[in-house]
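The structure appears right after this line, and notes come after that.
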Amino acid sequence: MLTLRANHRLGDFHLKLDISVPSRGVTALFGRSGAGKSSVVNLLAGLLQPDDGYVKVAGTVLFDSANGLSVPPEQRRLGYVFQEGRLFPHLSVRGNLLFGHRRIASAERRIGVDDVVALLDIGPLLDRRPRDLSGGEKQRVAIGRALLANPKLLLMDEPLASLDAARKNEIIPFIEKLRDGFGIPIVYVTHDLNEIVRLADRVVLMSNGASVFTGSVEELVSRLDMAEVMDHPEAEAVIAAHVADHDDAFGLTRLVLPGAELQVRRMALAPGAPVRVRIRARDVAVALSAPTGISVLNVLPVRIHDIVDRREQCLLRLALDDTTGPFLWAGITARSRHDLDLRAGNRVYALIKAVAVEGSSGGAEPETAAAIR
Amino acid sequence: MLPLTDLELEAIRLSLRVAFWSVTCSLPFGIGAAFLLARTRFPGKSLLDGLIHLPLVIPPVVVGYMLLLLMGRRGPIGGWLHDALGITVIFTWQGAALAAAVMGFPLMVRAMRLSLEAVDRRLEQAARTLGAGRFDTFRSVTLPLMAPGILTGLVLAFARSLGEFGATITFVSNIPGQTRTIPVAIYTLTQTPDGDAAALRLCIIAVILALIALILSEWLARRLRTQLGN
């Protein structure tokens, strides 16, 4: 487990944290800029000392103000990948990579230089200076440097924030390989929901210096009350699914999710591979009876769980099965709601016009399949 | 102009030796003082700052005289050095190096302090998270990043040492082969009938030495900056 309790004042900003999450997989710290995400990571790393608090990572107490205990950063063995890389300009890429590696006992060097160089594909860069690297290359070297210190936990503070979209897509697969290949738990700070859907096993949502939500990505996205805090006003559903099989004749892939099946564009994933589907409220329409003669492939029988009035729009929360299972959102106009006389409990059909699928799999090459109509 | 006379060679050798040792011995203190001034807070810090910079603003003769009072055989420090360790600094080249070190110290500290203040502390944090302790971080990250400033400080202090006159002649007098550095030798020659030509020769030598030091340091600084990626 990773336990963090802290009370800290930074000028006007008050940090008041009580976070407890499993220390395995990827834990995303999510929130707007200024919510205190980086402070959390600095508290874990020991770069920030709280006024009072308690920090425990994987069975080791790192900070305990009640007992006057504070393990210095160099003894915490937590890898830190900074937003700006922070490579040492006076050292070559090789020197940077070996900086932490040299400082641990050889018996503790489980992760080898060759493995990391291969994983991050930085072999050709080894003799270069940081100033001669592109932004994406710098970040890969920074990840390798942190990894080679053989950390018990890897802290990543918006490692992609300074990169453009193309560079982001270049780095994300490496982070996925890291998560799946080395089994090092990761605390990942971001304000980008896409990165979370792609990478995170669980999310801690931060707002004004406090953690306001801890749970799964799917649950977080379903919480309309968190939309404001997430800075993500658009209602959408994120649902865990896995690949069932492929229909090569039509170039489609069948996905199974709890209580439903979806057909999406052919994905390069093996049957059984876990994925996350994202369905936006505005891509879902409803019909009272099973429609015929339409081009929409995905028509699911659903039950209206409840109806949320939201500005000019009505949001229907649609249950895929009769239990508490996953929900879809459908965004319709108040007029449609009135005309169809929709009420909670009604059984209707959801017409899904577009599905985005994010691979969240181990091993296989993830991809994004968009807009199946 | 060539060959150089024995007297000139002696003055050059002595000046270089005095400057070299004054700079070498004050280097660790210079780094320490720069660290105290740039990175720490303590009561009396501005007093220390003032004391370090004092030789820049008071007459060199005053510095020399204060050194004489402190370091002379009956002085509080010089007396102890003589009685306990058998070391005498007045009227020796070591004394000349001490005078030069005190006079060059503010220049050295100033350059180093500026470069230390410019070091990105976030890089030091990164080093800490990678397992380097405070001293290790200072040695392996901070010092290399300060290198251009350290070099500048060394060159300034070296040049200042080569040119030191007032404090030297007051503290260690004018003894051939011991304390008669180039400036003292020039002064002596100008006080001698028919010494003008010889004084001029030494003046030219002083200018050439200073130029060589400057050019060398410029070249080194450029190499260092390229290494650091600026």
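The values are calculated or read from the model by the stated rules, or taken from the named source; none is laboratory data. This one's a predicted model, so the numbers in the text were calculated from it and none came from an experiment. Virtual Cβ from ideal backbone geometry, glycine too; neighbours counted across all protein chains shown. The protein model used for the area step is the full one, side chains on, heavy atoms only, and it has no ligands, DNA or RNA in it. Shrake-Rupley method; radii C 1.70, N 1.55, O 1.52, S 1.80 Å.
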Next item on the list: Only residues that are within 16 Å of B:Leu162 (Cβ to Cβ), open to solvent by less than 40 Å² (accessible area, probe 1.4 Å) and outside any loop (DSSP other than H, G, I, E, B): list them for segment B:178-198, please.
Entry: B:Ile182, B:Pro183, B:Val184, B:Ala185, B:Ile186
Next item on the list: Determine whether segment B:203-226 contains at least one residue that is exposed (fewer than 12 other Cβ atoms within 10 Å of the Cβ), more than 14 Å from every other protein chain (Cβ to nearest Cβ) and touching a residue at least 40 places away in the same chain (Cβ under 8 Å).
Entry: yes
Next item on the list: Could you list all residues from segment A:43-59 that are touching a Lys or Arg at 6+ places or on another chain (Cβ under 8 Å) and either more than 11 Å from A:Val71 (Cα to Cα) or polar (S, T, N, Q) (or both)?
Entry: A:Asp51, A:Gly53, A:Tyr54, A:Val57, A:Ala58
Margin query: Quick check on my filter: what residues within segment B:124-162 are β-branched (Val, Ile, Thr), free of Cβ contacts under 8 Å to residues at least 40 places away in the same chain and more than 10 Å from chain A (Cβ to nearest Cβ)?
Written below: B:Thr142
Item checked: Matching residues, segment A:206-221, being under 15 Å from the mean Cα position of the chain (by Cα) and open to solvent by 20 Å² or more (accessible area, probe 1.4 Å) -> A:Thr214, A:Ser216, A:Glu218, A:Glu219
Item checked: Unmet requirement for B:Val141, which otherwise passes all of (1) closer than 22 Å to B:Ile12 by Cα; (2) crowded, with 19+ Cβ neighbours inside 10 Å -> (1)
Margin query: Restricting to segment B:90-119, and then to whatever is closer than 30 Å to B:Pro176 by Cβ and open to solvent by 30 Å² or more (accessible area, probe 1.4 Å), can you tell me which residue is nearest to the other protein chains (Cβ to nearest Cβ)?
Written below: B:Leu107
Note to self: Looking only at segment A:24-43, filter to residues that are buried (at least 20 other Cβ atoms within 10 Å of the Cβ) and closer than 19 Å to A:Arg179 by Cα; which one of those is farthest from the other protein chains (Cβ to nearest Cβ)?
What the structure shows: A:Phe30
Item checked: Hey, A:Pro89 touching a Pro at 6+ places or on another chain (Cβ under 9 Å) and either of a type outside the set (Lys, Arg) or open to solvent by less than 60 Å² (accessible area, probe 1.4 Å) (or both) or not -> yes
Note to self: Pairs please, first residue from segment B:165-182 and free of Cβ contacts under 8 Å to residues at least 24 places away in the same chain, second anywhere and in a loop (DSSP other than H, G, I, E, B), Cβ atoms under 7 Å, 6+ apart in sequence or on different chains.
What the structure shows: B:Asn174/B:Arg180
Next item on the list: Assess whether B:Leu116 counts as being closer than 30 Å to A:Ile104 by Cα and of a type outside the set (D, E, K, R).
Entry: yes
Item checked: Matching residues, segment A:63-79, being touching a Phe, Trp or Tyr at 6+ places or on another chain (Cβ under 9 Å) and more than 8 Å from chain B (Cβ to nearest Cβ) -> A:Phe63, A:Asp64, A:Ser65, A:Ala66, A:Leu69, A:Ser70, A:Val71
Notebook entry, point to check: When only residues in segment A:109-129 that are modelled with pLDDT of 90 or more and within 14 Å of chain B (Cβ to nearest Cβ) count, which is surrounded by the most Cβ atoms within 10 Å (Cβ to Cβ)?
Noted result: A:Arg129
Item checked: Scan of segment A:329-359 for residues that are more than 25 Å from A:Ala244 (Cβ to Cβ), part of a strand (DSSP E or B) and of a type in the set (Ser, Thr, Tyr), ordered by number -> A:Thr333
Item checked: Residue, farthest from A:Ala334 (Cα to Cα), within segment A:309-322, restricted to residues that are open to solvent by 40 Å² or more (accessible area, probe 1.4 Å) and assigned to a strand (DSSP E or B) -> A:Arg317
Checklist line | Complete set of residues in segment A:242-272 that are open to solvent by 10 Å² or more (accessible area, probe 1.4 Å) and either closer than 13 Å to A:Ala356 by Cβ or in contact with a Gly (Cβ under 8 Å, 6 or more places away or on another chain) (or both) | finding: A:His242, A:Pro258, A:Gly259, A:Arg265, A:Arg266
Checklist line | Scope segment A:150-186; condition closer than 18 Å to A:Leu47 by Cα and open to solvent by 10 Å² or more (accessible area, probe 1.4 Å); matching residues | finding: A:Lys152, A:Asp157, A:Glu158
Next item on the list: Could you please let me know if A:Gly53 is buried (at least 17 other Cβ atoms within 10 Å of the Cβ), under 20 Å from the mean Cα position of the chain (by Cα) and not in a helix (DSSP H, G or I)?
Entry: no
Notebook entry, point to check: Looking at segment A:86-108, is at least one residue closer than 28 Å to A:Thr190 by Cβ, more than 10 Å from every other protein chain (Cβ to nearest Cβ) and modelled with pLDDT under 90?
Noted result: no
Check: If B:Arg122 passes every condition in (1) over 23 Å from B:Thr40 (Cβ atoms); (2) assigned to a helix (DSSP H, G or I); (3) open to solvent by 10 Å² or more (accessible area, probe 1.4 Å) but one, which one does it miss?
Finding: (1)
